[in-house]
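To start, the structure under review is shown below, and the notes come after it.
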Amino acid sequence: MTVTQTLGAFTAHHDAPSAALLHAARRTLLNHLGCAMGVAQDATVRAALSVMLPTAGAPAATVIGQATRTDPMTAAFVNAIAANLLDYDDTHLATVIHPAAPIFPPLLALAELRGLPGTAVLHAFLLGGEVACRIGLGVSPGHYDRGWHITATTGVLGAAAGCARLLGLDAVRSAHAIGLAASLAGSIVENLPTAGKNLGVGNAARHGLQAALFAEAGWQAAPTAIEGALGWARAMGDTPDLSAMLEGLGDRWEIARNTFKPYPAGIVFHAVIDAAIALRDAAPLDAITAITVAGDALLLARGDRVVSNARDARVSIHHCVALGLVRGTAGVADFEEPAVADPALAAMRGLVRAELDTALPRGAARVTLTLADGRSLTHTVETPLGSEAKPLSDAQLEAKFVANAPQAEAAIAAVWRDDLPGFMAALG
């Protein structure tokens, strides 16, 4: 079978997941819902809803935090934007995919539409997330390096697979759903500091649902839509690594490596924040004359930027190290416009220089302070808080949820017991 067909068969035929996998999915859902609820009244989310509602269909799915319902594709679009807005969502570090934002919203909307249980949603997420991460592994790093925003471009494939599972599609139609989604994939890294990122992630969610519904209706895609000579993978990257896509499928779970952020910033900046916080009390701030941050190519490509607004701040080496040193915190408010304009943070950002260190692994960083007396102080972090090696506990995830969405605390218990109507009611 082709890669597309193999992934379709995996999606259709996988038996009940283990208790550990289901718990990992619940953790992801809890993190996802808290992130979405925390920004429900943000101007970007409200604008997305206002643009979509005039052309929306019958109200069948919850728009998180809006006290309204709309058609499933519109709900999936808006909810995906909300979940990904603050760069506070889950991350599969090996690919830098944020699986939940493009995959959970269409699954939740479809489950509401068809009255499907919460456990089925969790299983579908595990399968869709695995498809997205496996395909992402097969095209990394060339896909991202070419400018494709991998969360959106693989997220639509994962969303299609997950929705196909919820719809009960057989292996053939599940493969067609994934293949059809390949024609709906697109979003660019250049737009990450802009609202273009939001459109890409929102479209990945609704297009994944759309692909599955068309496959259910009998539409077909090429059997080699993913790996063919003119297929998705080769059009958007280098020669795909098919073994990375398929080896150990169903036995070794990439989605189980999903991680959760303690800070609302790009995942590759978390080590920068941790290292800066570790150095905060090592010397007076006014004694620092220069700051060097070393990391891999992805860290520099994403974060060596001038900070002019809140979007820049969430993906800035300079702002993240300044926060760690000046404030010793990196919460939601620390990345908003008042923090961007803070003179103390701006002055510290001006001292920062980024440099490449190919010996440092992805996700690691080294911060070096040069002091007025000529001394240097250095701290290196290879496993930041929230990483696979140093994960957030269930209690820490609950605390993060409450910090984001204190008005929806009742949803926590509903998530742990797979009560789909319960947590959607709490978040509506």
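General remarks:
Okay, residues lined up against (1) within 21 Å of Leu93 (Cα to Cα); (2) of a type in the set (Asp, Glu); (3) more than 24 Å from the chain's Cα centre (by Cα):
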site	(1), (2), (3)
Ser308	no, no, no
Asp312	yes, yes, no
Leu325	no, no, yes
Asp334	no, yes, no
Glu337	no, yes, no
Arg349	no, no, yes
Thr358	yes, no, yes
Ala365	yes, no, no
Asp373	no, yes, yes
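- Of all the listed residues (Glu398, Glu336), the sole one being over 15 Å from Phe269 (Cα atoms) and crowded, with 18+ Cβ neighbours inside 10 Å is Glu398.
- Matching helices (runs of 4 or more DSSP H) fully within the range 38-154 where at least 2 residues are at pLDDT 95 or above, within 20 Å of Leu192 (Cα to Cα) and touching a helix residue (DSSP H, G or I) at 6+ places or on another chain (Cβ under 9 Å): 43-52, 72-84, 100-114, 118-139
- Remark: Ala16 matches the filter, which requires a residue to be outside any helix (DSSP H, G or I), open to solvent by 20 Å² or more (accessible area, probe 1.4 Å), more than 19 Å from Ala211 (Cβ to Cβ) and touching a helix residue (DSSP H, G or I) at 6+ places or on another chain (Cβ under 9 Å).
- Close pairs from the range 294-312: first of a type in the set (Lys, Arg), partner open to solvent by 20 Å² or more (accessible area, probe 1.4 Å), Cβ under 6 Å, at least 6 apart: Arg311/Pro193
- Qualifying positions in the range 352-383 - in contact with a Leu (Cβ under 9 Å, 6 or more places away or on another chain), in a loop (DSSP other than H, G, I, E, B) and at pLDDT 95 or above: Leu360, Ala364, Arg375, Glu382
- Filter result for Val306 (farther than 21 Å from Thr383 by Cβ, among the β-branched types (Val, Ile, Thr), touching a helix residue (DSSP H, G or I) at 6+ places or on another chain (Cβ under 8 Å) and open to solvent by less than 50 Å² (accessible area, probe 1.4 Å)): no
- Matching entry among Ala58, Ala67, Ala43, Ala48 (being crowded, with 22+ Cβ neighbours inside 10 Å and either among the small types (Gly, Ala, Ser) or within 28 Å of Ala399 (Cα to Cα) (or both)): Ala48
- Filter result for His143 (surrounded by 22 or more Cβ atoms within 10 Å (Cβ to Cβ) and within 12 Å of the chain's Cα centre (by Cα)): no
- Condition met for Leu184 (under 23 Å from Leu246 (Cα atoms) and without any contact (Cβ under 8 Å) to a residue 40 or more places away in the chain): yes
- Pairing each residue of the range 103-119 that is on the phi < 0 side of the Ramachandran plot and of a type in the set (Phe, Trp, Tyr) with any residue that is at pLDDT 95 or above and buried (at least 22 other Cβ atoms within 10 Å of the Cβ), provided the two are 6+ apart or on different chains, yields C-beta distances under 7 Å for Phe104/Leu29; Phe104/His32; Phe104/Phe125.
- Ala282 fulfils the conditions (1) open to solvent by 10 Å² or more (accessible area, probe 1.4 Å); (2) in a helix (DSSP H, G or I); (3) not aromatic (Phe, Trp, Tyr) except for a single criterion, (2).
- Residue selected from the range 166-193 under the condition under 21 Å from the mean Cα position of the chain (by Cα) and outside any loop (DSSP other than H, G, I, E, B), by the criterion surrounded by the fewest Cβ atoms within 10 Å (Cβ to Cβ): Glu190
The values are calculated or read from the model by the stated rules, or taken from the named source; none is laboratory data. Just so we're clear, the structure is a prediction, and the values are computed from it rather than from any experiment. We place every Cβ from the backbone using ideal geometry, glycine too, and count neighbours over all the protein chains shown. When the accessible area is computed, the model is the full protein with side chains, heavy atoms only, and any ligands, DNA or RNA have been set aside. Shrake-Rupley method; radii C 1.70, N 1.55, O 1.52, S 1.80 Å.
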